Amino acid sequence: MENGFFITFEGADGSGKTTQLNNIKTFLQEKGFDVVTTFEPGATKTGEKIRNILLHSEDSVADSCEMFLFLADRAQHVEMFIKPALKQGKIVLCDRHTDSTIAYQGYGRGQNVELLKKLNQIAVNGLSPDLTLLFDVSTEIAQDRVGKDKDRMEAAGIEFHKKVRNGYLELLKENPERIKLINANNSIETVYNETKDIILNLVTNKRGKTNA
Ligand code: TMP
(Lines give C-alpha, C1' and ligand atoms only; values in the text may rest on other atoms or scores of the structure.)
Protein backbone atom coordinates (compact mmCIF):
# COMPACT_ATOMS: atom_id res chain seq x y z
CA MET A 1 0.00 0.00 0.00
CA GLU A 2 0.98 3.62 -0.32
CA ASN A 3 3.23 5.24 2.32
CA GLY A 4 2.70 8.91 1.54
CA PHE A 5 -0.19 11.21 2.33
CA PHE A 6 -2.86 12.11 -0.11
CA ILE A 7 -4.48 15.48 0.60
CA THR A 8 -7.14 16.96 -1.64
CA PHE A 9 -8.17 20.62 -1.91
CA GLU A 10 -11.80 21.18 -2.82
CA GLY A 11 -14.16 24.11 -3.22
CA ALA A 12 -15.78 26.49 -5.65
CA ASP A 13 -14.02 28.26 -8.47
CA GLY A 14 -12.79 31.43 -6.77
CA SER A 15 -12.50 29.83 -3.31
CA GLY A 16 -8.75 30.54 -3.19
CA LYS A 17 -7.79 26.87 -2.75
CA THR A 18 -5.06 26.91 -5.42
CA THR A 19 -3.26 29.82 -3.72
CA GLN A 20 -3.45 27.94 -0.40
CA LEU A 21 -2.21 24.73 -1.98
CA ASN A 22 0.89 26.47 -3.32
CA ASN A 23 1.59 28.19 0.01
CA ILE A 24 1.20 24.89 1.86
CA LYS A 25 3.59 23.20 -0.53
CA THR A 26 6.28 25.79 0.30
CA PHE A 27 5.54 25.50 4.02
CA LEU A 28 5.83 21.69 4.05
CA GLN A 29 8.99 21.74 1.94
CA GLU A 30 10.57 24.17 4.39
CA LYS A 31 9.72 21.68 7.15
CA GLY A 32 11.64 19.04 5.19
CA PHE A 33 8.74 17.03 3.75
CA ASP A 34 8.85 15.55 0.26
CA VAL A 35 5.85 17.20 -1.39
CA VAL A 36 4.37 17.27 -4.87
CA THR A 37 1.39 19.24 -6.12
CA THR A 38 -0.99 18.19 -8.82
CA PHE A 39 -4.49 18.91 -10.09
CA GLU A 40 -7.58 17.61 -11.89
CA PRO A 41 -8.40 17.75 -14.66
CA GLY A 42 -5.30 17.90 -16.85
CA ALA A 43 -2.16 16.86 -14.97
CA THR A 44 -1.13 14.06 -17.36
CA LYS A 45 -0.44 14.36 -21.11
CA THR A 46 -3.71 12.59 -21.85
CA GLY A 47 -5.46 14.65 -19.19
CA GLU A 48 -4.24 17.88 -20.80
CA LYS A 49 -6.23 17.04 -23.92
CA ILE A 50 -9.27 16.10 -21.84
CA ARG A 51 -9.02 19.37 -19.89
CA ASN A 52 -8.97 21.33 -23.09
CA ILE A 53 -12.24 19.75 -24.22
CA LEU A 54 -13.82 20.18 -20.79
CA LEU A 55 -12.96 23.83 -20.30
CA HIS A 56 -12.65 25.22 -23.81
CA SER A 57 -14.76 23.14 -26.19
CA GLU A 58 -16.55 25.25 -28.77
CA ASP A 59 -19.05 22.44 -29.25
CA SER A 60 -21.72 22.08 -26.61
CA VAL A 61 -20.75 19.14 -24.39
CA ALA A 62 -23.44 16.70 -23.21
CA ASP A 63 -23.63 16.37 -19.41
CA SER A 64 -22.91 12.64 -19.57
CA CYS A 65 -19.91 13.24 -21.85
CA GLU A 66 -18.60 15.84 -19.38
CA MET A 67 -18.99 13.34 -16.53
CA PHE A 68 -17.09 10.58 -18.33
CA LEU A 69 -14.30 12.95 -19.33
CA PHE A 70 -13.68 14.07 -15.73
CA LEU A 71 -13.67 10.42 -14.65
CA ALA A 72 -11.34 9.39 -17.48
CA ASP A 73 -8.92 12.15 -16.56
CA ARG A 74 -9.00 10.94 -12.94
CA ALA A 75 -8.37 7.28 -13.82
CA GLN A 76 -5.28 8.23 -15.83
CA HIS A 77 -4.04 10.66 -13.19
CA VAL A 78 -4.42 8.19 -10.31
CA GLU A 79 -2.58 5.36 -12.07
CA MET A 80 0.13 7.37 -13.80
CA PHE A 81 0.89 10.03 -11.21
CA ILE A 82 -0.77 9.88 -7.78
CA LYS A 83 -0.22 6.23 -6.85
CA PRO A 84 3.44 6.19 -7.95
CA ALA A 85 4.13 9.39 -5.96
CA LEU A 86 2.46 7.94 -2.84
CA LYS A 87 4.46 4.71 -3.20
CA GLN A 88 7.59 6.85 -3.08
CA GLY A 89 6.38 8.22 0.28
CA LYS A 90 5.56 11.69 -0.99
CA ILE A 91 2.89 14.02 0.31
CA VAL A 92 0.59 14.61 -2.66
CA LEU A 93 -1.41 17.86 -2.59
CA CYS A 94 -4.12 17.58 -5.22
CA ASP A 95 -6.20 20.52 -6.47
CA ARG A 96 -9.64 18.84 -6.89
CA HIS A 97 -10.47 15.15 -6.95
CA THR A 98 -13.51 12.85 -6.51
CA ASP A 99 -15.60 15.33 -4.48
CA SER A 100 -15.52 17.80 -7.39
CA THR A 101 -17.33 15.26 -9.56
CA ILE A 102 -19.99 14.68 -6.92
CA ALA A 103 -20.45 18.42 -6.32
CA TYR A 104 -20.29 19.64 -9.96
CA GLN A 105 -21.64 16.75 -12.05
CA GLY A 106 -23.87 15.31 -9.30
CA TYR A 107 -25.35 18.26 -7.42
CA GLY A 108 -24.60 20.88 -10.11
CA ARG A 109 -25.61 19.08 -13.30
CA GLY A 110 -28.04 16.66 -11.68
CA GLN A 111 -26.32 13.35 -12.50
CA ASN A 112 -27.17 10.47 -10.16
CA VAL A 113 -24.97 10.95 -7.09
CA GLU A 114 -24.95 7.29 -5.99
CA LEU A 115 -23.97 6.20 -9.48
CA LEU A 116 -21.23 8.84 -9.59
CA LYS A 117 -19.80 7.52 -6.31
CA LYS A 118 -19.51 4.07 -7.92
CA LEU A 119 -17.92 5.46 -11.06
CA ASN A 120 -15.48 7.41 -8.90
CA GLN A 121 -14.55 4.11 -7.22
CA ILE A 122 -13.68 2.62 -10.59
CA ALA A 123 -11.61 5.69 -11.48
CA VAL A 124 -9.57 5.66 -8.26
CA ASN A 125 -9.22 1.89 -7.94
CA GLY A 126 -8.79 1.70 -4.16
CA LEU A 127 -7.29 5.13 -3.51
CA SER A 128 -8.88 7.61 -1.12
CA PRO A 129 -7.67 10.89 0.36
CA ASP A 130 -6.21 10.88 3.89
CA LEU A 131 -7.61 14.37 4.23
CA THR A 132 -9.79 16.71 2.21
CA LEU A 133 -9.90 20.44 2.84
CA LEU A 134 -13.12 22.09 1.77
CA PHE A 135 -12.68 25.81 1.12
CA ASP A 136 -16.22 27.07 1.55
CA VAL A 137 -17.06 30.54 0.29
CA SER A 138 -20.29 32.37 -0.52
CA THR A 139 -21.14 31.91 -4.18
CA GLU A 140 -21.36 35.68 -4.74
CA ILE A 141 -17.84 36.30 -3.37
CA ALA A 142 -16.47 33.36 -5.37
CA GLN A 143 -18.03 34.55 -8.63
CA ASP A 144 -16.63 38.05 -8.05
CA ARG A 145 -13.15 36.63 -7.53
CA VAL A 146 -13.36 34.63 -10.77
CA GLY A 147 -13.94 37.84 -12.73
CA LYS A 148 -15.20 38.23 -16.28
CA ASP A 149 -12.85 35.90 -18.17
CA LYS A 150 -14.60 32.59 -17.48
CA ASP A 151 -13.99 29.05 -18.81
CA ARG A 152 -16.87 26.70 -19.73
CA MET A 153 -17.42 25.47 -16.16
CA GLU A 154 -17.01 28.87 -14.52
CA ALA A 155 -19.55 30.29 -16.97
CA ALA A 156 -22.26 27.80 -15.93
CA GLY A 157 -24.19 30.46 -13.97
CA ILE A 158 -24.79 31.41 -10.35
CA GLU A 159 -27.62 28.91 -9.76
CA PHE A 160 -25.36 26.06 -10.90
CA HIS A 161 -22.58 27.25 -8.59
CA LYS A 162 -24.97 27.50 -5.64
CA LYS A 163 -25.95 23.87 -6.19
CA VAL A 164 -22.26 22.94 -6.32
CA ARG A 165 -21.64 24.65 -2.98
CA ASN A 166 -24.61 22.87 -1.47
CA GLY A 167 -23.24 19.57 -2.83
CA TYR A 168 -19.92 20.13 -1.09
CA LEU A 169 -21.72 20.87 2.19
CA GLU A 170 -23.67 17.60 1.85
CA LEU A 171 -20.39 15.74 1.32
CA LEU A 172 -19.01 17.38 4.44
CA LYS A 173 -21.96 16.06 6.46
CA GLU A 174 -21.45 12.56 5.08
CA ASN A 175 -17.68 12.49 5.66
CA PRO A 176 -16.92 14.46 8.84
CA GLU A 177 -13.72 12.49 9.51
CA ARG A 178 -12.11 12.96 6.11
CA ILE A 179 -13.37 16.42 5.12
CA LYS A 180 -12.43 19.52 7.11
CA LEU A 181 -14.27 22.78 6.51
CA ILE A 182 -12.34 26.00 6.05
CA ASN A 183 -14.10 29.35 5.93
CA ALA A 184 -12.66 30.77 2.73
CA ASN A 185 -14.57 34.05 3.04
CA ASN A 186 -11.77 35.11 5.40
CA SER A 187 -8.48 36.79 4.42
CA ILE A 188 -5.78 34.74 2.65
CA GLU A 189 -3.65 34.89 5.80
CA THR A 190 -6.38 33.63 8.15
CA VAL A 191 -7.26 30.84 5.74
CA TYR A 192 -3.57 29.93 5.40
CA ASN A 193 -3.06 29.65 9.18
CA GLU A 194 -6.12 27.44 9.54
CA THR A 195 -5.08 25.23 6.62
CA LYS A 196 -1.51 24.90 7.88
CA ASP A 197 -2.65 23.81 11.36
CA ILE A 198 -4.96 21.10 10.04
CA ILE A 199 -2.35 19.68 7.66
CA LEU A 200 0.48 19.78 10.15
CA ASN A 201 -1.66 17.98 12.66
CA LEU A 202 -2.43 15.17 10.22
CA VAL A 203 1.09 14.79 8.93
CA THR A 204 2.74 14.77 12.36
CA ASN A 205 0.12 12.45 13.86
CA LYS A 206 0.41 9.89 11.09
CA ARG A 207 4.19 10.05 10.92
CA GLY A 208 4.26 9.60 14.70
CA LYS A 209 2.09 6.50 14.47
CA THR A 210 4.19 5.03 11.64
CA ASN A 211 7.42 5.58 13.54
CA ALA A 212 6.06 4.25 16.85
P1 TMP B 1 -9.77 24.52 -12.24
O2 TMP B 1 -8.57 23.79 -12.67
O3 TMP B 1 -9.74 25.97 -12.53
O4 TMP B 1 -10.21 24.20 -10.86
O5 TMP B 1 -10.93 24.08 -13.27
C6 TMP B 1 -11.52 22.88 -13.28
C7 TMP B 1 -13.01 23.08 -13.46
O8 TMP B 1 -13.60 21.80 -13.64
C9 TMP B 1 -13.69 23.71 -12.26
O10 TMP B 1 -14.71 24.57 -12.71
C11 TMP B 1 -14.32 22.54 -11.56
C12 TMP B 1 -14.60 21.57 -12.68
N13 TMP B 1 -14.57 20.16 -12.29
C14 TMP B 1 -15.74 19.41 -12.40
O15 TMP B 1 -16.78 19.93 -12.80
N16 TMP B 1 -15.69 18.09 -12.08
C17 TMP B 1 -14.53 17.46 -11.67
O18 TMP B 1 -14.54 16.26 -11.38
C19 TMP B 1 -13.33 18.25 -11.57
C20 TMP B 1 -12.04 17.61 -11.15
C21 TMP B 1 -13.40 19.59 -11.90
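A few comments on the model shown:
- Solvent-accessible surface of region 163-209, averaged per residue with a 1.4 angstrom probe and all protein chains in place: 59 square angstrom.
- Positive dipole terminus of the chain, leading residue within Thr19, Gln29, Val191 (C-beta point charges): Gln29
- Rounded if a/c under 1.5, otherwise prolate or oblate - region 148-193, Cα gyration tensor axes: oblate
- Cut-off 15 Å between beta-carbons: net charge of the residues surrounding Gly14, Lys and Arg +1, Asp and Glu -1: -2
- The residues neighbouring Ile158, those whose beta-carbon lies less than 13 Å from its own, together hold a net charge of -1 under the Lys/Arg +1, Asp/Glu -1 convention.
- Length-normalised contact order of the chain in % [C-alpha pairs under 8 Å, at least 6 apart]: 32 percent
- Length added when fully stretched, Asn201-Lys117, from 0.36 nm per residue minus Cα-Cα: 27.4 nm
- Comparing Cα centroids, region 151-196 and region 26-79 end up 18 angstrom apart.
- Atom-type composition of the exposed protein surface of region 5-211 places 50 percent of the accessible area on carbon and sulfur (1.4 angstrom probe).
- Sequence ranges 151-164, 75-88, 100-113, ranked by mean other-Cβ count within 10 angstrom, highest first: 100-113, 75-88, 151-164
- Relative to the Cα centre, the charge distribution of region 7-101, modelled as +1 at Lys and Arg Cβ and -1 at Asp and Glu Cβ, gives a dipole magnitude of about 540 debye.
- Only helical runs count toward this figure. For the chain, summing -39,500 (n - 2.57) over DSSP H runs of n ≥ 4 and dividing by all residues gives -16000 deg cm²/dmol at 222 nm.
- Treating r as the C-beta distance of Lys31 and Glu79 and R0 as 35 Å, the FRET efficiency rounds to 0.75.
The values are calculated or read from the model by the stated rules, or taken from the named source; none is laboratory data. Not measured: the values here are computed from a predicted model. Virtual Cβ from ideal backbone geometry, glycine too; neighbours counted across all protein chains shown. Remember, those area values only see protein heavy atoms, side chains included, never the ligands or the DNA or RNA. Shrake-Rupley method; radii C 1.70, N 1.55, O 1.52, S 1.80 Å.
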